[in-house]
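What follows draws every value from the coordinates through simple rules; no lab data is involved. The structure presented is a predicted model; accordingly, all values stated were derived computationally and were not measured. Counting neighbours? That spans all protein chains shown, and the Cβs are built from the backbone with ideal geometry, glycine included.
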Protein chains: 2
Amino acid sequence: MINEEKSAIVLLSGGMDSTTCLALAEHQGFRCYGLSFRYGQRHDVELRAAKRVAAAYTLIDHLVIDFDLRQIGGSALTLDADEADLTVPKDRDEDYIGQTVPPTYVPARNTIFLSFALAWCEVLGVRDIFIGVNAMDYSGYPDCRPEFIAAFEQLALTATKAGAEESVRTRIHAPLMAMTKAQIVRAGLEHGVDFSLTHTCYDPDADDRSCGRCDACRLRLKGFSEAGVDDPIAYVVKAGVDG
Amino acid sequence: MINEEKSAIVLLSGGMDSTTCLALAEHQGFRCYGLSFRYGQRHDVELRAAKRVAAAYTLIDHLVIDFDLRQIGGSALTLDADEADLTVPKDRDEDYIGQTVPPTYVPARNTIFLSFALAWCEVLGVRDIFIGVNAMDYSGYPDCRPEFIAAFEQLALTATKAGAEESVRTRIHAPLMAMTKAQIVRAGLEHGVDFSLTHTCYDPDADDRSCGRCDACRLRLKGFSEAGVDDPIAYVVKAGVDG
């Protein structure tokens, strides 16, 4: 299955989506580079999960790029803990999640992530990027929609040497785009994902247990529940969206 | 002239182009935020120039974002000194400069820079970004062309909350796009730019003197020469493109 000449960069956050995305990229025959970011997120549990996932796969290389989006601000995910506790929405109804852009949105985050991936692509001569965005349960984030992915592909064509000189397209793969969380759980399990390695919660406790109440936890728990599978990670409250 | 409600983010490298760009943005009535990057460039003289320039203007704020593109590699500008000395082209003919993408190209650099600017725009509620790219003397960099700027504007429309929810456009101003270096010198002087604050060279010596021989120096010296103005910065060799 593995083709030496077919390689891709996979954005790896350590969440269930990016991990499933990596498994799907490997299944499609890509040898993968992992790209993660320490961007000033409150919890390093996310990055530790990314490293666990990276270690579970045979990545060609795994790069962690550092920068501090707290300098720019604008998101509950990069606030100090005291402020964030007041700001990360909890126990929201399923119907409400996704209707507006929540305070956990990090401005232009996927644009920044894909820009670094594009730079690495150019250096490596790689023409494929995988990103685990998904528009079904997308929590109202503008940079998780197909229009955004298409616009970034167009940008890549004008922004790079290979694009400008040889019209070589960089393809942005978003295989989870049209999946529900339940479908992602099933796709992951089908392709051997160990979800116990992954982390999703916006507000874990000191023992890395997921809160079970933020939008991210509720969507994840709903996905596992609908897939009829037990979520193997530890929760403080494991009520799910309907609980 | 200054309108409290009209503000913009200006990408500020400390070079003659971004400094002129800032002067033109102020002239157009924008109150400006400066955005600079410490991205692993070999010489901190560039960032010191950006800070000198920032101090000479009445910026609302000046942010320096740190990340290390040496992790990604691919450019003579982020190599260690020994390697770079072999790689930064010197004494190239004017006709040759701009014909191919040179080793001083930093992959996807302007994409990364504009992505951070876009994030800051969203947080500040600012809708205008100024970037001093120019396609005339653009040294063959793909991300200095009008197509690239247009593609980034389109991306911004899909990537942001304001773009997605209210179709608010983020405008990328590139006022130097169609200017020659000589025209940039003249425009800068007309709008009060102190070029002695600026830095351009890819390979300065230990005393911050510009080499006078790299593509950047040759284009700068040619610009001053054609504008009939003396370049006030210190050079090791001040021969210019025709010297």
So how many Lys-Lys pairs in the protein assembly as shown land under 19 Å Cα to Cα, not counting same-chain pairs under 8 apart? 12
Pick from B:Val106, B:Val123, B:Val45 the residue whose mean-square fluctuation is largest in a GNM of chain B, springs joining Cα atoms under 10 Å. B:Val123
What angle do you read, to the nearest 10 degrees and between 0 and 90, between the alpha-carbon axis of helix A:16-27 and the longest principal axis of chain A? 30
Two-decimal Rg/Rh of the protein assembly as shown from alpha-carbon positions, Kirkwood Rh? 1.00
Which residues make up the longest stretch of chain A that has no GluC sites (Glu not before Pro) in a DSSP loop with at most 15 other Cβ atoms within 10 Å? A:95-243
Residue farthest toward the positive end of the dipole of chain B, with Cβ of Lys/Arg at +1 and Asp/Glu at -1: which of B:Ala25, B:Phe148, B:Leu63? B:Ala25
Kindly put B:Tyr141, B:Tyr202 in sequence by how many other C-beta atoms sit within 10 Å of each C-beta, fewest to most. B:Tyr141, B:Tyr202
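Tell me what the protein assembly as shown gives for mean residue ellipticity at 222 nm when only DSSP H runs of n ≥ 4 count, each as -39,500 (n - 2.57), the sum divided by the residue total, rounded to 500 deg cm²/dmol.
Numbers: 16 runs with 180 residues, N = 486.
Calculated at 222 nm, the ellipticity per residue is -11500 deg cm²/dmol.
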With axes computed from alpha carbons, what is the tilt in degrees of helix B:146-159 against the longest principal axis of chain B, rounded to the nearest 10 within 0 to 90? 30
Crossing angle, helix A:215-227 versus chain A [Cα axis fit, 0-90 degrees, rounded to tens]: 90
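Using the Kirkwood formula over every pair of different C-alpha atoms, what hydrodynamic radius in Å results for the stretch A:7-200? Write out the running numbers ahead of the final one.
Numbers: mean 1/r = 0.0581 Å⁻¹.
Over the stretch A:7-200, the inverse of the mean reciprocal pair distance is 17.2 Å.
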Pick from B:Leu118, B:Leu69, B:Leu155: which is most flexible by mean-square fluctuation in a GNM of chain B where alpha carbon atoms under 10 Å apart are linked? B:Leu155
Using amide H atoms built in the peptide plane, which far-off residues or other-chain residues are under 5 Å from B:Gly15 H to H? B:His199
Cα principal axis extents for the stretch B:129-216, largest first, Å: 51, 27, 23
Can you give me the long-range amide H partners of B:Ser36? Hydrogens built in the peptide plane at 1.01 Å from N, cutoff under 5 Å, separation of 5 or more residues or another chain. B:Leu12, B:Leu63, B:Val64, B:Ile65
